[in-house]
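Notes follow once the structure below has been shown.
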Amino acid sequence: MQKLEKHITNEAKIPEPRASRRPSWRSAFEVVAYLALAVFLLEVLFRIAGVGSQEFMYFDQKLGNKHIPGKEVIWRLEGFSAETLNSHGYRDVEHAVAKPAGIKRVAVLGDSHSEGLQVPLNNTYARRLEASLNGSANKTADKTGYEVINFACSGYSTAQEYVQFSEEVAPYKPDVTVILMHWGNTAANIVDSKNRRNAQPRPYFYLDSEGRLLEDNSIAEWCYKQDAQNEGLIETIGFLKRHSRIYGVLCQTDLALSINERLYSKLRSFIKSASISLQGKDYKAEPPGPVYPPQDSIRVTQKIVMALSKKCAENDSKLVIMLLPDVFGVSAKFSKDLTDLSSQHNFGLLDLSDAFKKHPNPNDVFLRVHLSSQGHKFVADTLHAFLQQKNYLQ
Amino acid sequence: MLFSSFNYLIFLPIVFGLYWVLPDKCRKPLLLLASYFFYMSWLPKYGLLLFGLTLANYFLGLLIDKSEHRKKLFLTIAISINLGCLCFFKYTNLLLDSIWQGLRGLLHVTGMSTAPFANTPMFDILLPLGISFFAFEFIHYVVDVYKGSSPMRNFIDFALFGAFFPSQIAGPIKRFQDFSKQLIHPAVFNKQEFNDGLVLILQGLFKKVCLGDTLAQLVVDPGYANPAALGTLDAWIVFFAFTFQVFFDFSGYTDIGRGSALLFGYRVPENFNLPFLSANFLEIWRRWHISLSTWLRDYLYFPLGGSHCSVWAQRRNLFLTMALGGLWHGAAWHYIFFGCIQGVILAVTRDWQKYTDKHPTLSRMKLSAWWHWSAVAATFWTWTVLLVIFRAPSVTHAFSMYAKAFSSSPAGEITTTLMTSTLPATLCLYGLYCITCALSNRAVEKGEALPAMAHGIATVWKQSVPARAIAYAAMAIVILAFAPGQVQPFIYFQF
């Protein structure tokens, strides 16, 4: 094949053009024309091949980030799925906000594990749970219908899920609210109040000197103000996110390189600092916000769960905290503390580790990091059994 | 440093810029420094090994050239040093493991306790990258000097020959006569070479990252990791996927290496020439990893007697050459087994060729197109099936893969994964690129005029710098778009 690949142009055969000075307007026109042609061809190629469609988030002042409603997402980073987010931006089928009569609702909150972009939509545990609940209802001639609504979003912390409940979930009036958590979620619930500069723009929580849970949304607020100053740029980026596959490819590359290449992430932060300095701003400037002592992420998370349980109860919803199987054996204490808390604060706790240990093919439950289709089925089945056993949907 | 890593993307332009900015006398030392930096970025201490071998071979080469009566002695010392290093780093643990296994077997048969030999003592040896390649280059150097070639007298030139980063880690195995010729004249920047180099680098990256790595991550690695989960169709897909993976990986590496060398005005040999269009195994080894097969021919097969001996000696020579070629690939029995099978097939192919040449009907049939293409298909299929032994971690594992391929199991997940991936689109794109190149080359070779549109594109490519710059950027974006999540090391790095 090497021979086939030998130069697309055999330049020696093409006569050397006579050197002549071109007017600069013609050169500029050439650049624009070739650029436009290249962009057009790449966009067409990427659409045909189904690549560059993995950018699906936009910045939100309250939640940090949200799904772009109606965005087509073709996921290939781990596993595969090709679906469109619903008109509210959830990775789910369409659901009316008003709860229909005779319907029991389950709201699913969580991060990428619940969002399940790694598997087709109908294989996610939320969709499977809805199917199995309705299937068992049909078998027993139970007239109740069940709706499971998936509010999960990649990278969400428990803090974001807490805010999301009031902002988005409560109007759907769920009878049960399920949150799939893992130990890794806890660190994202707090921020070092003296080093906010490099933190993700999202809501954080902290405990004041009297142990009260307080929200710190200073970073998201600060980013929002910065964005307001660059409205044109933000709109352009929003447009590119929604419509450009080339932009999607570049963002995906940026993410992959930031994770995998140390030199790239160093260069990236250097360029960012330099560009801020060039604008005459101090790149070391900290976003303003409340100052508080360093926080214990586990304690804050426990407080968030307690607060969420209270909020669910106020909205006639039963909270169920579901813990992802603890494959690496790091969260035994976290799980035990939550179990104690669940009995004190009357929320359901389902630690999937126990069922996972009994799974006949534990290697099939996960892909590289996230749940496989079999994994989603395992979660749906275990959750269904738990809801039935506890009579949470009666 | 991987050619397909971000570090190389930074390293190459810096070295390129400095190379052409600095005066000519500084360029070779700069390339040498860059090559050592490239090598030592992986494990600094092995830079000393490379330097030590370079020093030893340089002086031994000069001694071989000068000496009247002790040429053979110096040659023996040089070969011993090179092979000694190669064997120590590569084969010590295999040897220990084999001895211990043998002892255990012996004790078991004689009914004695195997407890004292229960655990094989293993050295904690990390194989220096590229040692198989530069050791072979040094052996070629001292042997050729012994045969009468003039040695390289300039140490910087010689050190650059041994360490030249575009071919340092996985070849192609250079010949010093070709390389030293390029060192005589001052380097002059050539626009054509620059463009050819960039196209080769981008083409190599596409082959390596978009095709080779994707095949590895989606099909080959999961397939070989769990043969029990494979269906019959899956097993065959995995077999063919590995054949293409190893080709795209290695020829992609070679393209990037050749392209990088061209940016500095150097040419390194080609390593592949349409290997899958070979009509027999003798031909495939003339087209696949050319620099290794010619090395094995010149420094192993010919010294063993080549084809100037009895029929059985010829067969033995072929067998030994290929068995050692198999061992060169890695310190494991499945590589040796792979090499032995290749040796047997080559010997049988040669006998078959001699037989058909003598047989008038068969020799007429051999000229027909259907015979040729059937032979191409059979060769490709056999090559694919044999590569399973090469890829599998052990011979037993390879046989469990064969068992799946020749059973009738329902399709597993690999088929679905493959169809939902970008791979079909990537392969189509690559096919389109190859067809365009083939048609363009054929038209030029036959002296035919290119179609109007192709001629227009070629003219724009030739004349417009912005068009070329935009096209390179577009090609780079295509590579990023079709690249899998994680970059994999090159297969031949482990050899």
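The values are calculated or read from the model by the stated rules, or taken from the named source; none is laboratory data. Here the structure is a predicted model, which is why all the values come from computation and not from measurement. Note that we place each Cβ from the backbone using ideal geometry, even for glycine, and neighbour counts take in every protein chain shown. In case anyone asks, the SASA skips ligands and DNA or RNA and just uses the protein heavy atoms, side chains included. Shrake-Rupley method; radii C 1.70, N 1.55, O 1.52, S 1.80 Å.
Below, the figures for the structure above:
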{"item": "B:Thr110, B:Thr361, reordered so the largest accessible area comes first (probe 1.4 Å)", "result": "B:Thr110, B:Thr361"}
{"item": "In the range A:203-266, trypsin sites (Lys or Arg not before Pro) in a DSSP loop with at most 11 other beta-carbon atoms within 10 Å", "result": "A:Arg212"}
{"item": "Residue-averaged beta-carbon neighbours from other chains (10 angstrom radius) around B:430-436", "result": "2"}
{"item": "Sequence-separation-based contact order of the range B:6-188, relative, with Cα cut under 8 Å and 6+ spacing, percent", "result": "30 percent"}
{"item": "Degrees, to the nearest 10: A:373-390 long Cα axis against longest axis of chain A", "result": "20 degrees"}
{"item": "Under 13 Å, Cβ to Cβ, from B:Ser293 - net charge with Lys/Arg +1 and Asp/Glu -1", "result": "0"}
{"item": "Cut-off 12 Å between beta-carbons: net charge of the residues surrounding A:Gln394, Lys and Arg +1, Asp and Glu -1", "result": "+1"}
{"item": "Cut-off under 5 Å, modelled amide H: who pairs with A:Thr84 long-range", "result": "A:Val73"}
{"item": "Carbon and sulfur %, accessible surface of the protein assembly as shown computed with the full protein complex present, 1.4 Å", "result": "63 percent"}
{"item": "Other protein chain Cβ atoms within 10 Å, averaged over every residue that makes up A:248-259", "result": "3"}
{"item": "Helix A:218-229 vs. chain A, principal-axis angle (Cα, 0 to 90°, nearest 10)", "result": "30 degrees"}
{"item": "Helix A:125-139 axis, angle to chain A major axis (alpha carbon atoms, nearest 10°)", "result": "40 degrees"}
{"item": "Proximal aspartates and glutamates to B:Lys25, defined as alpha-carbon separation beneath 13 angstrom and excluding residues fewer than eight positions away on the same chain", "result": "B:Asp157"}
{"item": "Rounded accessible area of A:Glu231 (nearest 10 Å², 1.4 Å probe)", "result": "120 Å²"}
{"item": "Relative packing of B:221-229, B:330-338, which averages over residues the other C-beta atoms within 10 Å, highest first", "result": "B:330-338, B:221-229"}
{"item": "Only Lys, Arg (+1) and Asp, Glu (-1) charged, at Cβ; chain A dipole about Cα centre in debye", "result": "920 debye"}
{"item": "Rounded to whole Hz, the Karplus (6.51, -1.76, 1.60) HN-Hα couplings of the range B:65-73, x for glycine and proline", "result": "5, 6, 5, 8, 10, 10, 3, 5, 4"}
{"item": "Dipole axis of chain B (+1 Lys, Arg; -1 Asp, Glu on Cβ), positive-most option in B:Gln192, B:Gly61, B:Gly330", "result": "B:Gly61"}
{"item": "Sequence of B:His329, B:His455 from largest to smallest accessible area, 1.4 Å probe", "result": "B:His455, B:His329"}
{"item": "Calculated Rg and Dmax of the protein assembly as shown using C-alpha coordinates, Å", "result": "32.4, 104"}
{"item": "Alpha-carbon centroid distance for the pair the range B:178-219 / the range A:260-307, whole angstrom", "result": "41 Å"}
{"item": "Whole-angstrom gap from the range A:49-87 to the range B:275-313, using each part's C-alpha centre", "result": "54 Å"}
{"item": "Partners for A:Lys311 among aspartates and glutamates (Cα-Cα distance below 18 Å; same-chain residues under 8 apart left out)", "result": "A:Glu161, A:Glu167, A:Glu168, A:Asp175, A:Glu215"}
{"item": "Orientation-averaged projected area, Cα convex hull of the range A:9-157 (nm²)", "result": "15.7 nm²"}
{"item": "Furthest towards positive pole of dipole, B:Ser80, B:Asn119, B:Pro151, structure part the range B:6-188, Cβ charges", "result": "B:Pro151"}
{"item": "The range B:351-440: C-alpha gyration tensor shape, a/c 1.5 cut-off, then a/b vs b/c", "result": "oblate"}
{"item": "Hydrodynamic radius of the range B:6-188 per Kirkwood, over alpha carbon pairs, in Å", "result": "18.7 Å"}
{"item": "For A:Asp351, distant residues with modelled amide H under 5 Å away", "result": "A:Leu323"}
{"item": "Low-density loop cleavage sites - chymotrypsin sites (Phe, Trp or Tyr not before Pro) in the range B:86-165, where at most 16 other Cβ are within 10 Å (DSSP)", "result": "B:Phe123"}
{"item": "Length-normalised contact order of chain A in % [C-alpha pairs under 8 Å, at least 6 apart]", "result": "19 percent"}
{"item": "Calculated from backbone phi, Karplus (6.51, -1.76, 1.60) coupling profile of the range A:238-255 in Hz, x at Gly/Pro", "result": "x, 4, 4, 4, 6, 10, 9, 6, 4, 4, x, 5, 5, 5, 5, 5, 4, 5"}
{"item": "In the A-B interface, the accessible area buried, summed over both sides, Å² (probe 1.4 Å)", "result": "4300 Å²"}
{"item": "Chain B: relative contact order in percent, alpha carbon pairs under 8 Å with at least 6 residues between", "result": "18 percent"}
{"item": "Solvent-accessible surface (1.4 angstrom probe) belonging to B:Val465, in square angstrom, nearest 10", "result": "90 Å²"}
{"item": "The protein assembly as shown - charge dipole about Cα centre, Lys and Arg +1 at Cβ, Asp and Glu -1, debye rounded to 20", "result": "2560 debye"}
{"item": "For the range A:346-372 and the range B:236-274, distance of Cα centres in Å", "result": "43 Å"}
{"item": "Fraction of beta bridges assigned by DSSP in chain A that are antiparallel (%, nearest 5)", "result": "40 percent"}
{"item": "Translational diffusion coefficient (Stokes-Einstein; Kirkwood radius from C-alpha pairs) of chain B at 4 °C, 1.567 mPa s, in µm²/s", "result": "52 µm²/s"}
{"item": "Residue among A:Leu233, A:Leu308, A:Leu35 with the largest mean-square fluctuation in a Gaussian network model of chain A, springs linking Cα atoms under 10 Å", "result": "A:Leu35"}
{"item": "DSSP loop chymotrypsin sites (Phe, Trp or Tyr not before Pro) with at most 16 other Cβ within 10 Å: longest gap in chain A", "result": "A:1-282"}
{"item": "Filter on B:Lys207/B:Lys462; B:Lys72/B:Lys208; A:Lys266/B:Lys208; B:Lys354/B:Lys446; A:Lys225/A:Lys266; A:Lys99/A:Lys390 - keep pairs with C-alpha separation over 31 Å", "result": "B:Lys72/B:Lys208; B:Lys354/B:Lys446"}
{"item": "Å² per residue, accessible surface of chain A at 1.4 Å", "result": "51 Å²"}
{"item": "Average beta-carbon neighbours from other chains, 10 Å sphere, peptide B:415-427", "result": "2"}
{"item": "Over 29 Å [Cα-Cα, chain A], rounded percent", "result": "52 percent"}
{"item": "Helix-derived mean residue ellipticity, 222 nm - over the protein assembly as shown, DSSP H n ≥ 4, -39500 (n - 2.57), to 500", "result": "-19000 deg cm²/dmol"}
{"item": "Residue among B:Pro29, B:Ile10, B:Ala170 farthest towards the positive dipole end of the range B:6-188, charges placed on Cβ", "result": "B:Pro29"}
{"item": "Estimated vicinal HN-Hα couplings, Hz - the range B:135-143 in sequence order (Karplus 6.51, -1.76, 1.60; Gly, Pro = x)", "result": "5, 5, 5, 5, 4, 4, 4, 5, 5"}
